[in-house]
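The block underneath contains the structure these notes are about, expressed in structure tokens.
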Amino acid sequence: MAFRRTGLRRVAVVGAGMTKFVRRAQETAQELAFHASRLALDSCGLRIQDIGAVCLGTAPDAFDGVHMNGEYLSDGAGAYGKPFMRAYVGGGTGVFSVIQGWYHVASGLFDAVLVVCEEKMSSCLPHPQAAFLTIFDHTTERPLKPNLLWIFALEMNRYMQKYGLSKKDIARVAVKNKRNAMDHPAAQLAAEITVEDVLNSEVLAWPVQRLDVSPTSDGAVAVILASEDAAKRITDKPVWIKSVGWCLDSAYWTNRDLSYPEYVERAARMAYEMAGIKEPRKEIHIVEPYDPFDYKELHHLEGLLLAPKGEAPRLLAEGVFDRDGDLPATPSGGLLGVGNPIAAAGLMKVAELFWQLRGEAGKRQVPGNPRTGLAQAWGDLMQVGTVAILGV
Amino acid sequence: MAKIVRELPGLALTPEDISQRKVLSTSWVPKAEYAWDAGIAMGRYLEELRNGRLMGVRHRRCGRTVIPPRIFCEQCFAPMDEWGELPDTGTVNTFSICYVSWDVKRLEVPEIPAVIEIDGTSPRVGILHKLGEVDPQQVKVGMPVKAVWKPAEERNGAITDILYFQPI
Ligand SMILES: [Zn+2]
């Protein structure tokens, strides 16, 4: 793998803020972005004048029905009169936005960058799936009138078949994450549920049932990144971005191994190499893998090399991924519990690591003074892996 | 976080807030139509579907034979070398039994989308299609299937010239 390892500046997360995640927010997209951004600035005592550039993550224009949606949002994201960049890689956006912010600072161009991710999914009627449908190939797939759930159901079934997994093995993720979310002040779908509740929920596209799936949500999250010198002036508790990694697989998704996210492994290997991590299973203390569906958390834990292939469900059943387990996974409550305003959900995972590694996660705090955490997101046509490793 | 903010911003609306106009909103229905050119590779693929044939492309350097066709090998980033007819048979790589429409309305008859690995291609190379003439409970991964075509006079050069795949 070829990437530059020298001449880059160290980058820290120094502040974070977020709104509640809700099914439909009264606030506009700009208002949500403004709240999250102000909270992030206030959390580290910065003013907007201290920010050199703004990186924004939000869905493609068709989703909001607003052409140039990034520019529309920019005023609420603190970008007036500043260098501004918006990128979107589907569900992978939240972590990718941090990667963008990281290279803005690591390169030496800016000392402080505001990273904002916002999603208002409720505007798209009757269901935001209408905007997602155009992801399918217009010549070979859309004439079959596909449903977005198909793609996840097909991947989940392949994963189950390959390793002989049952729905019960997978449902425990939904139970764990919705329970973890009980302690999150932004949570939309926190609940004490049982494996039986998941197995008895409405079948949407077998093997996907209602409680296997995260909700659609409105919400925003923001973090502040700073160079080493700036970070040390701003806070005595900087959380360093130790490394980043990202990778894209082919758009010919029916030609891929659907049982294993190869692109996540490649993204993870880039991040591990950059951070000098040799044994991820021992050196990562908390993980926030992307969990829009319960099976995806397991899929991603395997792709991140934090569980052997096909064995994440066994480790889950043994309690390894519980908040007080050996490798806490999704202590925030994740997309399944806190909610899934797509780009914002991925950035929420980075914010969670920031609070956890500073020991500020309150009732969600993982015990044992965790020092290194990994956040990962996934998206596009099931083909992008984005990874950030944070540490203190 | 708790030491700075006690209550996070974000006001959750209920369906009644909207229907009773307690909060205001405006709406718009877009009208946007598109016509996508099939292009070079897909153009020939569709032509041959009209003739009742499935076509793949092969790249000699990496030895891959893939479907749907493309003019380039995306892994080697070089032009594909040759076209070849593939059998209209394959195996089920994975499937779903789908009970809802895209906007989550219940379907009377479930659909069975599947990734079908087409015989004669490289490992795991498949296409998206549906299964038909099969009891959903009997569908298995690894099941051999064959295309069921529209009658020749009804075919118009589209993926839907194959009605579905059926177990053999
Ligand atoms: Zn090739």
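Strands (runs of 3 or more DSSP E) fully within segment A:1-90 that include at least 2 residues being in contact with an Asp or Glu (Cβ under 8 Å, 6 or more places away or on another chain) and in contact (Cβ under 8 Å) with a residue 60 or more places away in the chain: A:11-18, A:53-57.
Among the residues that make up segment B:17-39, is at least one of them β-branched (V, I, T), within 16 Å of the ligand (Cβ to nearest atom) and at the interface with chain A (Cβ under 9 Å from one of its Cβ atoms)? No, the conditions are met nowhere in segment B:17-39.
Show me the strands (runs of 3 or more DSSP E) found entirely inside segment B:83-148 where at least 2 residues are hydrophobic (A, V, I, L, M, F, W, C) and surrounded by 22 or more Cβ atoms within 10 Å (Cβ to Cβ). Because the criterion is at least 2 residues that are hydrophobic (A, V, I, L, M, F, W, C) and surrounded by 22 or more Cβ atoms within 10 Å (Cβ to Cβ), the strands (runs of 3 or more DSSP E) in segment B:83-148 that meet it are B:89-95, B:113-118. In the set (1) more than 20 Å from the chain's Cα centre (by Cα); (2) surrounded by fewer than 19 Cβ atoms within 10 Å (Cβ to Cβ), the condition left unmet by A:Q129 is number (1). Given the structure, is A:A40 small (G, A, S) and either surrounded by fewer than 24 Cβ atoms within 10 Å (Cβ to Cβ) or in contact with a helix residue (DSSP H, G or I) (Cβ under 6 Å, 6 or more places away or on another chain) (or both)? No: the conditions fail for A:A40.
Contact annotation: residue pairs with Cβ atoms under 7 Å, 6 or more positions apart or on different chains, pairing a residue in segment B:73-87 that is more than 23 Å from A:D249 (Cα to Cα) with a partner that is more than 8 Å from the ligand (Cβ to nearest atom) and of a type in the set (G, A, S), are B:G84/B:G56; B:L86/B:G56; B:L86/B:G120; B:P87/B:G120. Of the residues making up segment B:149-163, those that are free of Cβ contacts under 8 Å to residues at least 40 places away in the same chain and outside any loop (DSSP other than H, G, I, E, B) number 4.
Listed conditions (1) more than 13 Å from chain A (Cβ to nearest Cβ); (2) exposed (fewer than 13 other Cβ atoms within 10 Å of the Cβ); (3) within 10 Å of the ligand (Cβ to nearest atom) are all met by B:A78, apart from (2). Taking helices (runs of 4 or more DSSP H) as the structural unit, those lying wholly within segment A:132-203 and holding at least 2 residues that are within 11 Å of another protein chain (Cβ to nearest Cβ), of a type outside the set (V, I, T) and touching a Cys at 6+ places or on another chain (Cβ under 8 Å) correspond to A:148-163. Please determine whether any residue of segment B:99-109 is within 16 Å of the ligand (Cβ to nearest atom), under 17 Å from the mean Cα position of the chain (by Cα) and within 13 Å of chain A (Cβ to nearest Cβ). No, segment B:99-109 contains no residue that is within 16 Å of the ligand (Cβ to nearest atom), under 17 Å from the mean Cα position of the chain (by Cα) and within 13 Å of chain A (Cβ to nearest Cβ). When B:R58, B:R64 are checked against the criterion of being within 16 Å of the ligand (Cβ to nearest atom), at pLDDT 95 or above, within 10 Å of another protein chain (Cβ to nearest Cβ) and surrounded by 15 or more Cβ atoms within 10 Å (Cβ to Cβ), B:R64 stands alone in meeting it.
The values are calculated or read from the model by the stated rules, or taken from the named source; none is laboratory data. Everything numeric here is computed off the predicted structure, so don't read it as measured data. Here Cβ is always computed from backbone atoms with ideal geometry, including for glycine, and neighbour counts include all displayed protein chains.
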